[in-house]
Amino acid sequence: MLIRFLLLLLVLWVIVKILRSLVSQAPRRPRPGSARPGRRVSGGELVQDPQCGVYIPRETAVRGTGGHSFCSEACRDAFAKTRA
């Protein structure tokens, strides 16, 4: 009886280990905002908005003074107000 119980525990332990290894090997999706500067995404380069920190494709970024790139006009205007 004790041997059956120990064998059952061993089998359950092996199953848990296998399931954990499968889950840890699953591909992970990047978190929003975790892109690195200069990273190429679908043919474009990402740049970071200095006001809110969001990464946006350089091609769609709103241009500001001093060579800064912004995600929107609102961020560009807020950045300009803090610098004035």
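The values are calculated or read from the model by the stated rules, or taken from the named source; none is laboratory data. On a predicted model such as this, the values are computed, not experimentally measured, just so you know. Glycine gets a Cβ as well: all are built from the backbone with ideal geometry, and neighbour counts include every protein chain shown.
Within the range 48-84, track down each residue that is among the basic types (K, R) and surrounded by fewer than 16 Cβ atoms within 10 Å (Cβ to Cβ). Break it down stepwise before answering.
Keep residues of the range 48-84 that are among the basic types (K, R), which gives 58, 63, 76, 81, 83.
Within the range 48-84, R58, R63, K81, R83 qualify.
Select from the range 36-74 the residues that are out of contact with any helix residue (DSSP H, G or I) (no Cβ under 8 Å at 6 or more places or on another chain) and acidic (D, E) and write down the one among them that is modelled with the highest pLDDT.
Looking at the filtered set, the residue picked out is E73.
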